[in-house]
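Working notes, structure below.
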Amino acid sequence: MSNPSVPSDAWYTEDGPETDVVLSTRVRLARNLTGFVFPSAIKSDDAESVLSLVFDAFNKLEDADRYQMVRLSHVDSIGRRILAERGVIESGTGNEPWRGVAIRNDGVISATVNMDDHLRLSAFRPGLSIYPGSQLVAGIEASMQQQIQFSALSGFGYLTSNLSNVGSGMKISVLLCLPGLCLNGLLDRAVREFLAQGFVIQGYYGSEDGSSLGCLYQLSNGSSASGNVSSQISLMEQAAGKLVELEKRSRQELYASRPTSIEDTVFRAIVTAKYARFIGINESVRLLQNIRLGLNLGLITGIANRDLTALLYRIQTAHICFVISGGSIIIEEDVQTEELRQDRLRAMVIQEVLKNADIHEGR
Amino acid sequence: MICDVCRERPAVIFVQQVSKDSSIELHLCEVCARERGVSTGENKIDITLGGLFSDALEKPGKERPRENCCPVCGFSLQDIRKHRKAGCADCYQHFRGEIISLLRREGIELAYTGPLPTKLEAFRTPQVDPENLRAELQRAIEQEDYELAAYYRDRLKSFGGGV
């Protein structure tokens with residue numbers, strides 16, 4: 001099987017710093033054009049103008065041929081869901097023709113047009129890479145400023161739709177896998193502490209009550225209105241670094257104090273992941289994080305952190321549906337319903353990646 | 001029984017609106033009734049019930065002042081508070097003080113010292129051109145809309161131009 005489900009724009013298949021804990025980093029700049037009201041209040045003909053101005057600015061970038069620009073109304077529903085699963089757009093975004101996305105062919109840079117703000121420019125990097133990510137977006141934003149004038153006001157900085165996003169307009173989000181802190185019960189305390197310091201920390205994978213599906217959490221800056229770009233970056237670097245340290249220590253302490261039960265969790269996960277025939281999305285996320293825990297405690301070999309990160313994207317429902325609709329994968333005839341076919345393919349995708357993974361008896 | 005609207009004068013008229021699943025009852029004094037187009041005389045009662053009830057029920061007591069809206073996008077301060085979102089760049093000018101204190105209450109101190117767009121000084125749009133602002137200010141004064149006039153005056157000040 002030649003990985004038909006890994007497209008060429010999969011930045012998440014690369015390795016990055018601290019990948020045993022941090023899956024990915026996103027740095028996003030929110031910008032609005034002068035002379036137009038924000039998208040929440042805009043009229044459609046003005047929105048059309050904004051869309052052409054922004055797309056035009058992309059077309060004038062030096063590496064313009066690397067960008068694909070598309071109106072959201074031209075993306076089918078499965079395409080929109082994939083974009084949402086990758087974090088390019090928010091799920092539930094309207095598909096008015098004046099909303100658009102621009103994506104660089106490596107997937108590292110993406111932009112939304114006329115969502116909350118006229119332009120939101122994002123850089124995605126694997127692992128903990130806040131500064132490199134910010135350099136990437138800043139460079140592109142600077143080139144775009146040659147073409148378009150962004151709203152700003154002295155004292156406020158760049159003006160954005162969200163009040164807390166004024167200033168630099170920068171939102172830094174770090175996606176972390178925290179099984180250690182989940183298992184030893186310290187997570188609640190850590191979350192409260194970060195919230196008290198003005199950071200936002202929330203469960204990833206959609207659940208609205210803030211609890212994470214599995215142990216995936218997203219840490220981001222609560223506001224970009226104070227200080228400047230570099231102080232915001234260093235604050236986030238410190239916060240994320242602290243959380244990574246806490247998680248690493250928790251994993252080691254857990255294994256030192258309860259080795260048998262940790263081994264049980266990890267070994268059950270790898271066996272299920274390798275041999276089950278149907279694996280649902282929730283179960284997959286849980287299995288993968290326990291495998292990650294095992295890998296980083298030396299209990300599992302034959303797989304890398306980046307493979308596990310990439311799997312988290314590839315097993316998501318729209319990604320799976322896309323592969324099924326491609327028709328190149330043959331699923332057993334007795335698997336009838338659509339949901340079962342998805343779970344079956346998800347198991348196949350996981351098992352393909354885990355084929356060399358094995359248990360390593362450390363003791 | 002005192003008036004449900006002003007809560008000062010005695011109620012002299014009783015209005016009842018009955019709809020499919022609820023009914024609303026109001027006791028009004030003569031002054032409030034007349035203000036809302038309900039007359040106690042022999043003339044036919046001509047009323048706009050919708051306006052009558054929403055006004056009276058939302059804010060018993062004093063009459064509500066006209067809402068302060070951003071002149072460019074029409075967002076009111078309430079909209080901004082509720083959604084924590086501005087409607088346009090001019091909201092930040094128009095509601096400058098309110099937005100600063102709104103953020104402060106959430107523990108966000110607005111103190112951005114980072115870079116601004118390189119061309120910030122050079123650009124002019126109809127909304128920020130001092131010449132246009134001066135004309136608008138003049139017009140507002142002529143129309144005796146002092147609230148609007150103050151807004152244009154402050155904007156002119158913020159660009160460093162004299163009034």
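Values quoted throughout were computed directly from the atomic coordinates according to the rules given, and no laboratory measurement underlies them. Keep in mind it's a predicted model, so treat the numbers as computed, not measured. Glycine gets a Cβ as well: all are built from the backbone with ideal geometry, and neighbour counts include every protein chain shown.
One line per residue, one yes/no per condition, for (1) surrounded by fewer than 16 Cβ atoms within 10 Å (Cβ to Cβ); (2) farther than 25 Å from residue A:80 by Cα; (3) of a type outside the set (Val, Ile, Thr):
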residue	(1), (2), (3)
A:287	no, yes, yes
A:292	no, yes, yes
A:304	yes, yes, yes
A:320	no, no, no
A:325	yes, no, yes
A:333	yes, yes, yes
A:342	no, no, yes
Subject >> Subset of the range A:131-145 [within 9 Å of chain B (Cβ to nearest Cβ) and not small (Gly, Ala, Ser)] >> reply: A:145
Original post:
Does at least one position in the range A:111-125 carry a residue that is in contact with a Phe, Trp or Tyr (Cβ under 6 Å, 6 or more places away or on another chain) and more than 14 Å from chain B (Cβ to nearest Cβ)?
Top reply: yes
Original post:
Does the range A:34-45 contain at least one residue that is away from every other protein chain (no Cβ under 14 Å) and surrounded by 21 or more Cβ atoms within 10 Å (Cβ to Cβ)?
Top reply: no
**OP:** Might you check whether a residue that is over 21 Å from residue A:13 (Cβ atoms), part of a helix (DSSP H, G or I) and in contact with a Leu (Cβ under 7 Å, 6 or more places away or on another chain) occurs anywhere in the range A:282-299?
**Re:** yes
Subject >> Qualifying positions in the range A:157-182 - of a type outside the set (A, V, I, L, M), within 14 Å of chain B (Cβ to nearest Cβ) and more than 14 Å from residue A:38 (Cβ to Cβ) >> reply: A:157, A:164, A:167, A:168, A:171
